[in-house]
1. Accessible area, 1.4 Å probe, largest first: how do CYS225, CYS14 sort?
2. Which distance in Å, rounded to a whole number, links the C-alpha centroids of the stretch 215-248 and the stretch 1-48?
3. Relative to the present Cα-Cα distance, how much length would full extension add between MET379 and THR124 at 0.36 nm per residue of separation?
4. Let me make sure I get this right: for the stretch 116-223, a, b and c are the square roots of the gyration tensor eigenvalues over alpha carbons, sorted descending. Under 1.5 in a/c it's rounded, otherwise prolate if a/b > b/c, else oblate. Which is it?
5. Within the accessible area of the chain, what % is carbon and sulfur when the probe is 1.4 Å and the other protein chains stay in place?
6. May I ask you to compute the full-extension gain from GLU358 to LYS259, defined as 0.36 nm times their residue separation minus their alpha-carbon distance, rounded to one decimal in nm?
7. With unit charges on the beta carbons (Lys and Arg positive, Asp and Glu negative) and the dipole taken about the Cα centre of the chain, which residue among ALA238, TYR394, ILE272 sits farthest to the positive side?
8. Could I have the simple spin-label model distance between LYS290 and GLU339, label points 7 Å from Cα toward Cβ, reported in nm to one decimal?
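The values are calculated or read from the model by the stated rules, or taken from the named source; none is laboratory data. Because the structure is predicted, anything quoted here is derived from the model rather than measured. Note that we place each Cβ from the backbone using ideal geometry, even for glycine, and neighbour counts take in every protein chain shown. For the accessible areas, the whole protein counts, side chains as well, though only heavy atoms, and no ligand, DNA or RNA atoms are used. Shrake-Rupley method; radii C 1.70, N 1.55, O 1.52, S 1.80 Å.
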Amino acid sequence: MDKLTKIAVVSLGCAKNQVDAELMMAHLAERGCTFVEEPGLSDITILNTCGFITAAKEEAIEWLNELITLKNEGTIKKIVVTGCLSERYREEFEKEYPEVDAVVGIGKNHHIAEIIDEMRQSDTQIARYGTKEGHQMEGDRILTTLPHYAYLRIADGCDNCCSYCAIPQIRGRYRSRPLENIVEEARGLAECGVRELVIIAQDTTRYGLDLYQELRLPKLLKELCKIEKLKWIRILYAYPERVTDELIDVIASEEKIVKYLDIPIQHCDGEILKRMNRKGDEESLRSLIKKLREKIPGITLRTTFITGFPGETEEQFNRLGEFAEEMKFERMGCFSFSEEEGTPAAGFSNQVDEDEREHRKEILEEQQDTRVAALYEAMIGQTQEVVVEGYDRYLEHYFGRSAMFAPEIDGMIYFTAPGDKKPRVGEFVQVKLLRVVENNLIGETE
């Protein structure tokens, strides 16, 4: 490959997809490629797509149309599509987008350099897929996060088979990475300056069940906590039925594990959860949340809900709203139900009107905004440890995250730094919280 080849990588969707992009970038860097941030400055643009829900697919297609325009104008030479959308809609991409020069499934990500070499010598579109199980999760990465934090993927695929979700079709069965490999990668990241690890998988709490016939997340966390240079370890995507007493005890006792847990609950009504093919009911969820708050004082809980699932009555939706209000989740994401082809829920009767799904979502989001405002007001006067992530020249404030803010999803704390010392990105500073402006915490360093 020409060492002067300039490649732009546009990675959409979740952090798991971002890690895929970082692995592909490392393969390309080994072949002498250089990277540019803007597609318009590249020779080749790789669009690493998300295909999870309708909104994600629409975003990917919008990006693709923009890249096709740039190609037709002669600004870029080649377009490569990778990720979940190309894996999910193989033939559709080949037929409907002849302007795309290469379509790559997740099982061939690690051959991206060879595929691009082949593509550059071909006048016709090429497509390479492989098996989902051939998807490689390990290897060198070029981090696209800020230098002080990184995502650490511990597994891929999913065995939960929720009735609304296409991930098992796209990513295949759940596959855990060997524990020692994960720890080795974590040590390498720490040696390179990473201070916060964000643990990710489609279901982090299932980790090890396929490989070791037991849940190994608690043991993995203990091993990661032994890495001297790490400061924060954060857990995302913990399924409620596998948040065990052992896991809770590890989170509570290990200083490096931030007291933050992302638990995608989706709903509280037992009947809807059953039709979602999910475990539990309102009683079990309330019991878990009570236990977490008792065993881990001050924990930040994040969850996600789905509104307008087929058959959701107004009464069931109201119960969900009451549940959210009483549980007082510090963080909440909400999605209106998306009919994903090939999933059981797409064929369920009693589909809720799309406008009503969206309306219910907006109600929950507005209620959450009110709760967050009250939470932040109650925090005024507190001092929190914050990792610096940048400076906003317009606002003339630094910004960063405390332990209760996950990267890229939970916002920032804004603060000034009186005196001559200017905080550096990646530095941990003490910030006294002074006021709330438009649901943003504002403070100053001490």
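1. CYS14, CYS225
2. With the stretch 215-248 and the stretch 1-48 each reduced to a Cα centre, they are spaced 31 Å.
3. That works out to 85.8 nm of additional length.
4. Note, shape of the stretch 116-223 comes out oblate.
5. C and S fraction of accessible area: 48 percent.
6. Answer, rounded to one decimal: 32.5 nm.
7. Farthest towards the positive end: ALA238.
8. Label-label distance for LYS290 and GLU339, simple model: 4.0 nm.
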